[in-house]
């Protein structure tokens, strides 16, 4: 009886607040933040290597991520399946000056069967790319497809965002990103490490 009366008197915000307090307490010992950083639904991202800036849509409604690619060609290298492709970046999407065409070759991870409403399913190659987003660098799988008919060359879905980002759908471009920021996060080559020791 007493629990019913307490439940009836407790404000609606009590349970979510209790959960937030528990999350903060759980992370207090390690000094880590309780929640990942907040991002807008549009952000600047950099494709590595080369710190290639592009606009990214952060879409929690999509499970997989997708990178705009053209001239997709599968080939074999040392007995393994690889993919050769070009990432087109327009001036509106982040290219400095003239539009850019970024050639890339990466190991093929798998083929993804993509089903779209009102269209037949298609198979897309999946590769792992390294990205820099809001000062954080990570590797994530993306499907390769021509996204020229869409507004943004990079779509980051739940698999890339889980544990890394909280999305504020009312905001855009909450984190500035410059090539220098990504360069600081990039692992240095042995030559670069040697030059800093001299």
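All of the numbers you see were taken from the coordinates with simple rules; none came from a lab. Given the structure is predicted, the values throughout are model-derived calculations rather than measurements. Every residue, glycine among them, receives a Cβ derived from its backbone with ideal geometry; neighbour counts consider all protein chains shown.
Tabulated results
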item: Protection-proxy order for peptides 38-50, 129-141, each taking the mean of Cβ atoms within 10 Å per residue, highest first; result: 38-50, 129-141
item: Distance in nm between pseudo-label sites at residue 139 and residue 174 (7 Å out along the Cβ direction from Cα); result: 2.8
item: Length added when fully stretched, residue 86-residue 148, from 0.36 nm per residue minus Cα-Cα; result: 21.1 nm
